[in-house]
Amino acid sequence: LSRVIGVSPWYWWADAPVTPRERLTLHVEGFTSKTPTVKYRGVFINDEDWGIYRWAKNNFEKELGNIGPKTYEKVCELLLRLQANYLAPAMHDATTAFYRIPENKVIADRYAIAIGSSHCEPLLLNTASEWDAKRYGPWDYVRNKKGVDSVLTARVRDAAPYENVYTLALRGLHDKAMAGNDDLDARKATMQEALLAQRQILADVLGRPAETIPQAFTPYKEVLDVYDRGLQLPDDVTIIWPDDNYGYMKRLSGVREQRRTGRSGVYYHVSYLGVPHSYLWFSTTPPSLMYEELRKAYDTTADRLWLVNCGDLKGSEMQVSLFLDMAWDIGRFTADNVVSYPARWLAGIFGEAYYDRLEAMTREHLRL
């Protein structure tokens, strides 16, 4: 209804103008939407140190001095307006961790947004800023299994009343490779033990069979090598395939993986900080590339969870909208019509009268 009356989902984040009207008359008939293409559809706020973190600290949440419930309420409202239902909160150590502020999860629940976490945050624990080595011991599953499992158990207990997708993971702190033996078989054995322990924690704390609890595993960077070594994932766990940080999928489900009940998903970048090239201020990922790669993933069972790394949100607004529109109904898109999406998206903000000019500009921009 908000879109029908001319309110863009980006009315607040992108100052998309709203035409004032003194009166609206709506004839609303019974309507049931069809099932969305993807079950969980959302964004990962990431690499936030220079943008959304400083903006929240110095302008929007000065009383907190960080990203907090006021900011997350605006993020969750945007997600709801974009027909999304999933959020992986910011996780750099400059940012106050999502679960450190109890109101954050209440706000997400109010907007019907399920909470998950990035590929390196097991069971919703932000290891970059929440792991205190002086208090808990080393983040090392070989030397400190009991300490790691006890902290993860406490986190699941805290999050249990709300809707979540639990990440199964074992990586190093600050999104680094897991410390320890360089032998892949040893790494595989350690990760296998950790993932099975995490599943048992979920079953014990939530009091129901593990296969009924939404869980995801992302073989990102060096974890893909461990997975390829023969890591055994329970059949119901969703495998989240990553792109190469620049929009090209690194892997799709093979014949064996396509038979899994947990099916698969995607972790996709339209913003990236890292070697060899960062792109944080303005997203240049072409819609045609997004459609080609995401359609291939969807056609090979990636219909369970789509997560887009959008950086600060600013600078990647169009790509976020396209990603979530495809996650809602990929059948609307073809290789032919997706190239006009940027112009259609901008015309929805600035006015249909400008469509032809916007299409010429956006096509040339993408060509360049």
To the nearest 500 deg cm²/dmol, what mean residue ellipticity at 222 nm is calculated for the chain from DSSP H runs of n ≥ 4 alone, each contributing -39,500 (n - 2.57), summed and divided by the residues?
-10500 deg cm²/dmol
If every alpha-carbon in the stretch 1-47 counts as one equal scatterer, what log10 I(q)/I(0) does Debye give at q = 0.25, 0.28 1/Å?
-1.04, -1.08
Carbon and sulfur atoms: what percent of the 1.4 Å accessible area of the stretch 244-368 do they account for?
55 percent
With all pairs of different alpha carbon atoms counted, what Kirkwood hydrodynamic radius in Å does the stretch 246-368 show?
15.4 Å
Over the Cα atoms of the chain, what radius of gyration and what Dmax do you get, in Å?
20.9, 69
Taking the convex hull of the alpha-carbon atoms of the stretch 206-277 and averaging its shadow over every direction gives an area in square nanometres of 6.0 nm²
For the stretch 281-343, the Rg and Dmax computed from alpha carbons only, in angstrom
11.4, 32
Say we join alpha carbon atoms closer than 10 Å with springs in a Gaussian network model of the chain; which of VAL205, VAL255, VAL266 then has the biggest fluctuation?
VAL255
Hey, what's the stretch 16-63 come to in accessible area per residue, 1.4 Å probe, Å²?
73 Å²
Magnitude of the Cβ-charge dipole (Lys and Arg +1, Asp and Glu -1) of the stretch 200-295 about the Cα centre, nearest 20 debye, reported as 160 debye
When Rg is the radius of gyration of the Cα atoms in the stretch 240-292 and Rh is its Kirkwood radius, what does Rg/Rh come to?
1.06
Exposed loop sites here are chymotrypsin sites (Phe, Trp or Tyr not before Pro) in DSSP loop states with at most 15 other C-beta atoms within 10 Å. What is the longest stretch of the chain lacking them?
51-161
10 Å Cβ shell holding at most 13 others, DSSP loop, GluC sites (Glu not before Pro): longest site-free stretch of the chain:
64-368
Hey, what D do you get for the stretch 91-221 in µm²/s if you plug the Kirkwood alpha-carbon radius into Stokes-Einstein at 25 °C and 0.890 mPa s?
161 µm²/s
Note: the stretch 24-174, point scatterers on Cα, Debye, no solvent; log10 I/I(0) at q = 0.13 Å⁻¹ equals -0.64
Plugging the Cβ-Cβ distance of SER150 and GLU193 into 1/(1 + (r/R0)^6) at R0 = 22 Å yields, to the nearest 0.05, a FRET efficiency of 0.90
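The values are calculated or read from the model by the stated rules, or taken from the named source; none is laboratory data. On a predicted model such as this, the values are computed, not experimentally measured, just so you know. Cβ atoms come from the backbone with ideal geometry, glycine included; neighbour counts cover every protein chain shown. When the accessible area is computed, the model is the full protein with side chains, heavy atoms only, and any ligands, DNA or RNA have been set aside. Shrake-Rupley method; radii C 1.70, N 1.55, O 1.52, S 1.80 Å.
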